Structure formats: structure tokens, C-alpha cells
Amino acid sequence: MGKVKCKRRRPSPNDTVMERFMHYAVVRNGCWWWKGTKEKKTRRCILSLGNGNRLTAHKAAYNLFVGDIDRGKHIKHTCGNWFCVNPDHLVKTEEE
């Protein structure tokens, strides 16, 4: 018998931000790899909020799981993986 491919459904406009976020996060080797939209030049991972607005996925992860990001603060990856959105691997810093 051949392999059966299971397609993941696309996020619905009715999905919450958490549901949209988790749809694109894949856990592997401790990191949460972003499988959604990525900008090639900037290496930014993008989460579409479904209302025409977008947010970088690592900022969305920090907001969803840790808390607000103060004005003038940035989020850094402690694991060195640009595509990781694991909130345990993200820290708030003043450095850009």
C-alpha cells in the first residue's frame, strides 16, 4: 500500500493568533522551527494575523508566551537559530 499524505489545513481567518502561530511552529531538537513565511533578505519569520497585519514570529512568540515587549527593546535568540520561535530561547534586550 502506498504512503498517504496528510495535508495540513491552512489557518482560517477565524483562528486565534495562538492557533495561527502554532500551525506554523514545528518542534525539533529543542527549537520550534518556523515553517510559515520567511523573508529571504532579512531572515525574518512572518506571522500573518489574518486581518492584513503582520508581525515577526519571534515577537509573536514572546508576546504570546512570555509577555509584552517594552518600547525600544528587541528580542534575541539564545540558541543562534534565526528560524526558532521557542519562547524559552528568546530574551528581551536593548541591543539591536
Rel. contact order, % - alpha carbon contacts under 8 angstrom, at least six apart, region 12-76:
22
Taking His23, His58 and counting other beta carbon atoms within 10 angstrom, the fewest-first order is His23, His58
Considering amide H positions built from the backbone, and no H for Pro or chain starts, which residues 5 or more places from Asn86, or on another chain, come under 5 Å of its amide H?
Trp32
Rg ratio (alpha-carbon, reference 2.2 N^0.38 Å) - region 17-93:
1.01
Spacing of the two label points (7 Å from each Cα toward its C-beta) at Thr37 and Arg54, in nm
0.4
Test of understanding: what is the full-extension gain from Thr16 to Asp70, defined as 0.36 nm times their sequence separation minus their Cα-Cα distance?
17.1 nm
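All of the numbers you see were taken from the coordinates with simple rules; none came from a lab. Please read all numbers here as calculations on a predicted model, not as lab measurements. So basically every Cβ, Gly included, is an ideal-geometry build from the backbone, and we count neighbours across all protein chains shown.
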